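Let me begin by presenting the structure, written as structure tokens, before commenting on it.
Please treat every number below as a calculation from the coordinates, not as lab data. Note that this is a predicted model, so its numbers are computed, not measured. In this analysis, Cβ positions are derived from the backbone assuming ideal geometry, glycine residues included, and neighbour counts consider all displayed protein chains.
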Amino acid sequence: MIEMKVSGVILDSASRHPIVMLRDMEERRALLIWIGEPEANAILLALEGIHAPRPLTHDLAVLILGKLEAGIRRVLVTAMRDQTFYAEIELEKDGVVITVDARPSDAIALALRVGAPILVANDVIAANAIPINPAKEEEEAEKFREFLQNVKPGDFGKFSQD
């Protein structure tokens, strides 16, 4: 799992649908998830720290969890199947972890409200993320190429051949 943060919400220029943009903590890759307008509004409100006079849906969910003395540990974007991302919310109550299936947009909106980490499965990143800092990627690739050119078998210690 790779921790990511919400970079913002943008509009798809062709369809005009909102997209939430997640970035890894090293600012190397981004994951774009198409979402609905209500969820985009919920994410934007949380990003801006705006509180409605009465609880909106995601605020209500957080209040309910609080009354039940349960918390959100983290949210996980776990898979992408048939062009649809899947997510889970990990709740904790009295030391017991409870996992709930969720849409990524709802999970992200909740995570932003409580400061919970957002994690994305490695295979989801590998298949769907886009590079956002090619210079950094090339720099790391060059360091690895240099390592490979200079590595010797003895650098790994002795191996027995049983």
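Each residue, Q83 and A126, gets one label point 7 Å from its Cα in the Cβ direction; the gap between the two is 2.5 nm. Under 5 Å between amide H atoms, partner at least 5 residues away or on a different chain: which partners does R28 have, H built in plane at 1.01 Å? Excluding prolines and chain starts, which carry no amide H, there are no hits. The protection proxy used here, the mean number of other Cβ atoms lying within 10 Å of each residue, ranks peptides 60-68, 111-119 as follows, highest first: 111-119, 60-68. Rounded to whole numbers, the Karplus 3J(HN,Hα) couplings from phi for the range 71-80 are x, 8, 6, 5, 10, 10, 8, 9, 7, 9 Hz, using 6.51 cos²θ - 1.76 cosθ + 1.60 with θ = phi - 60°, and x at Gly and Pro. If one computes the Cα centroid of the range 26-41 and of the range 70-86, what distance in Å separates the two points? A separation of 13 Å, based on Cα centres.
If you look at the Cα atoms of the range 14-100, you get an Rg and a Dmax of 15.1, 47 Å.
Here the residues M25, M4, ranked from fewest to most Cβ neighbours within 10 Å of their Cβ, fall in the order M25, M4.
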